[in-house]
Each structure stands twice: as C-alpha cells, then as structure tokens.
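No lab work stands behind these numbers, since they all come straight from the coordinates. Predicted model, so just to flag it, every value in this text is computed and none were measured. Reconstructed Cβ throughout: ideal geometry from the backbone, glycine too, with neighbour counts over all protein chains shown.
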Amino acid sequence: MKNKIVRGFLGMASFIGIFISLYMAFFYAPLDKNLGVVQKIFYIHFPVAIVPYFAFLVVFICSIIYLKTRDRKWDKIAYASAEIGLVIDTALLVTGTIFVKPTWGVWWVWEPRLTTSLIMWLLYAGYLMLYYSVDDIERKSRLTAVFGIVAFISVPISFMSIRWWRSAHPLMLAPKNIALDTPMWITTLVFLASMTLFYLYLLGQRIRMINLQEEIQDLKDEIGG
Amino acid sequence: MSYLRHILTLVQKDIIAELRTKEMLNSMLIFALLTMVMFNFAFGSGSAMRAVSSGLLWVAFLFAAILGLNRIFVHEKDENCFDGLMLCPIDRSAIYFGKVISSFIFLFLVEIIALPIFTIFFIQESFLSHLWLLIIILILSDVGVSAVGTLLSAISINTKARDLMLPVLFLPVIVPILVAAVKSTELVLMFSSIDAQQFWIDIIVWLRMLAIYDIIFALVGFLTFEYVIEE
C-alpha cells in the first residue's frame, strides 16, 4: 500500500516535472545567441547524461551489498537500475549526435568524452547480455554482481575524461566557468530533478515487474505447468 | 609464504598441462601472426601501414589473448577439475592469482615470439635500442590483460554462451589498456623523430596509467573472484 502511494507520487511528480521543464526550456529560458534554437536540446542532453552515472553508481553499490548480504532484493535493484541506465544512456548518445551535427558539423567525433560514453554504453549492454545468458537465478545474481563492479570503472573514466584529456566537449560542471545564463541553469536543474524522479519511478516499476514475473513463475511451477 | 607456494604450484600445474598439449600456445601464436598478415592485405604495405603499425600490433595481441583466455578454464570445467581446485585447502584468491600468472606467462611468450616477426614484416629499421622499454610496456599491459581476462573468463565460462560472452565483456573493459599500450608503443617506435625530454614525459604518463589499471584490477579480481567460482 505504501509502495503504491510512493510509486504514484513519483509517477505524477516526474510527469508534471518533465512537462514544466519542457515549458521552461522553450518559453522561459532565453534563446542562445550563437547556437539559436538548437541549443534547446541541451536541456534534455544534460540530465540524460547525469542520470546514467547515478544509475550505474546504484548498480555498483547494490552489487557490492548483494555479494555481502546475498539478499536478492539488492540484485533486483542493481539489474533494474542497469537496464534503465542503459535506456537513458541511449537517449544521451542520440541527443548528443543530434546536438553535435549542427554545432560541430559532424554526427560523431572520436574524442575522449564521446568515446568513453560509448564504451560505457557497450559495457552495460554486455551486463544485460550476461544477465540473460545464465539460467540459474542464484548464479546469475552472483556473476552479474561481479560484472556490475568491474563495469563501474567506465563511469569515473567517462566522467573525468574531459578533465584528464583535451576534449572538444565543453566542461559543464565546473564552478569557475559557468557558460550559461542563470535562467538557463534553473531550467537545466529543474529538468535534471524531474529526470531523476522519472528514473526513480521507472526503477520502482521495474522492480515490481521482476517480482510479479517471479511470482507467476512460482505459481506456474506449483501447478506443474 | 605458503600462500606464494600454493600459487606457484597451481602455475606449475598449468604449465605442465600446457606443455603436454601445446594447443593454447600454438593457436595463440598462429592467430597473432595470421592477424598481422591479414592487416597487411587490408591496409596494404607502405606509409599507411607504418602509421597504424603499433595499433595493429596490439589488436593482434589482444585477439590472441582472447583466444587464450577462453581456454584457461575450459579444462577445469569440462574435466570437473574445478571441484578438485575447490576442495584444495588453499585460499580461493590463490586460484585466481595462479591463473593470472599462468595466462600472463603464455601471453608474454606468444608476444615475445611474435614481436621479432612483426619487426621484420612491418618496421624496416629496428627499434632494438629501446627494446627494454617495449618489454616493460608488454609486461605492464599483460598483467592488466591477464588480471581482467581471468576474472571475466571465469564469469563467461559459467554462462550459456560461454566463449562468445568473453569478447563482449572483455573488450570494453580493456580499452584503457589498449589506448595506453598503443600510445606508448607508438612513442617507442618513433623515438628517433621526437625530442628526448618530451619522450620521457609522455611515456611515463602512459606507463603510469598502465600500472594504476593493473593495480585496480588485480585488487578487484582478488576481492571478487571467490564469488565467481563458488557453487
């Protein structure tokens, strides 16, 4: 009952939040002087870049806790978070290429930030492949938990890539060089907050689905079907 | 001290088993050479080939490494030797380090044999003056490749897809090693044409990156391996 209320609240909040953010992006934030209307895609590009980092951090932490406690609950959170993180990461790569074509003139550049993001995507795609190629549930949870820890190496590398190597990608999260107007930043942060709520909503729904699937499987086994 | 002896005993077992069949060493070596020959057809010989030579050297080595890493747990699994290993009164991480060391030895051997052939094929003037530096690059990269590869090989042997799973998991994890190894090899190959002081600054950055990566993954493997092999 309590879970249902939380899920309902998260669903409503993320729906309204994304609606408001879209409104703010198009009507509240001023038009960028150099890039024009193309710059609007930044408001979605930035949150879908940050949320996967968070999602994969959740995978990493829950994988460690699973290996320590052997409580299936943590494994379910880790798996659901990896799946949602990968979907949002796909949105990052798609919005990135759409953004880059009019601003840099090409669809893709092999530079550190883009390359490390793609590698991160490939690693978590591998994570899901691993999850589906083991039948035994207990073994599946153990192996994916270990790989969830190994794959996390790509997250700090991707995050720090533009600080470590010279990159064409602009550095957004630096206190000293804020390249955006205050209204632009407010819009971005509202979008980030609603995207985070949306992630939490999807996470709750996905875990619920996994539980229901297992329940159905148990019932099937019971009647011998 | 006995921990070290346990590891060495396991390594000795792997080496004896390999020397009896030689299937892993032979196939890895032939595969590495074949890859180099194929690159020659793909890129043609000449200046284009020279420009990418350090990259293709490492791609050939990595492909050979995948071939070898796929095999390191196959015998254990198929002949039920895993049960024997698990019954041994030794620390589980000793099994991990034993496997890391034996796969390191096989990989290093293959590379040492393939390297002169590579030099003859692709690099006309020799780089023997900095051979020791190249050996350090080889050792540092192979430690990382074996540390990651052994852990992921143990994971993939437990899946339905088995050896199909290893490249999918292994290649993206190993990218930082590939980048550092290719860049530092490139520096060694062009040593004569760049400023000596700049050369040392650049190469130390890449070697340090390799070393940090090795330490991180040896630690990750040490801490997680027992969860992978437990039944």
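Would you kindly derive the ³J(HN,Hα) couplings of the range A:181-195 from the backbone phi angles with the Karplus curve 6.51 cos²θ - 1.76 cosθ + 1.60 (θ = phi - 60°), listing them in order in whole Hz, with x for Gly and Pro?
With the stated coefficients, the range A:181-195 comes to 5, 4, x, 5, 5, 4, 4, 4, 5, 4, 5, 4, 5, 6, 5 Hz.
Anything over 22 Å Cα to Cα? Flag those among A:2/A:76; B:13/B:77; A:68/B:99; A:40/A:101; B:22/B:160, in the order listed. Show your work: numbers first, answer last.
Values: A:2/A:76 19 Å; B:13/B:77 15 Å; A:68/B:99 24 Å; A:40/A:101 14 Å; B:22/B:160 27 Å.
The pairs that break the limit, which is 22 Å between Cα atoms, are A:68/B:99; B:22/B:160.
Compute the Rg to Rh ratio over the range B:18-85 from the alpha carbon atoms, using the Kirkwood formula for Rh, and round to two decimal places.
1.18
With a sphere of radius 11 Å drawn around the Cβ of residue B:86, what net charge do the other residues whose Cβ falls strictly inside it have (Lys, Arg +1; Asp, Glu -1)?
Result for the local shell: -4.
State the dimensionless ratio Rg/Rh of the range A:100-215 (Rg: radius of gyration of Cα atoms; Rh: Kirkwood radius).
Answer for the range A:100-215: 1.06.
Can you pull the mean other chain C-beta count within 10 Å for peptide B:50-56?
Whole-number average of other-chain Cβ neighbours for B:50-56 is 0.
What Kirkwood Rh does chain A have if only Cα atoms enter the pairwise 1/r average? Answer in Å. Spell out each step's value before the answer.
Details: mean 1/r = 0.0522 Å⁻¹.
Evaluated on chain A, it is 19.2 Å.
Take the alpha-carbon positions of the protein assembly as shown, form their convex hull, and give its projected area averaged over all directions (one quarter of the hull surface) in nm².
So the Cα hull casts an average projection of 27.7 nm².
Which value at 222 nm does chain B reach when only helices count, each DSSP H run of 4 or more adding -39,500 (n - 2.57), with the total divided by all residues and rounded to the nearest 500 deg cm²/dmol?
Rounded to the nearest 500, the figure is -28500 deg cm²/dmol.
Using the Cβ atoms and a cut-off under 14 Å, what net charge is assigned to the surroundings of residue A:119, where Lys and Arg are +1 and Asp and Glu are -1?
Counting the neighbours of residue A:119, the net charge comes to -1.
Specify the inter-centroid distance of the range B:136-190 and the range B:1-60, based on alpha-carbon positions, in whole Å.
12
Where does helix B:131-156 land angle-wise versus the long Cα axis of chain B, in degrees 0 to 90, nearest 10?
40
Using a Förster distance of 30 Å, how high is the FRET efficiency between residue B:9 and residue B:223, based on the Cβ-Cβ distance and rounded to 0.05?
0.85
Round to the nearest 0.05 the FRET efficiency obtained for residue A:219 and residue B:202 when R0 = 45 Å and r is the Cβ-Cβ distance.
0.10
Summing -39500 (n - 2.57) over the DSSP H runs of n ≥ 4 in chain A and dividing by its residue number, what mean residue ellipticity at 222 nm do you reach, to the nearest 500 deg cm²/dmol? Walk me through the numbers on the way to the answer.
Values: 7 runs with 172 residues, N = 225.
Here the helix-only value at 222 nm equals -27000 deg cm²/dmol.
Let me know the shape class of the range B:24-135, please: from the alpha-carbon gyration tensor, a ≥ b ≥ c as square roots of the eigenvalues, rounded when a/c is under 1.5, otherwise prolate if a/b is greater than b/c, or oblate.
Prolate, because a/c is 1.5 or more and a/b exceeds b/c.
Simple spin-label model, 7 Å along Cα-to-Cβ: residue B:83 to residue B:2 in nm?
2.6
When ranked by the protection proxy of mean other Cβ atoms within 10 Å per residue, highest first, what sequence do the peptides B:38-48, B:181-191, A:139-149 form?
A:139-149, B:181-191, B:38-48
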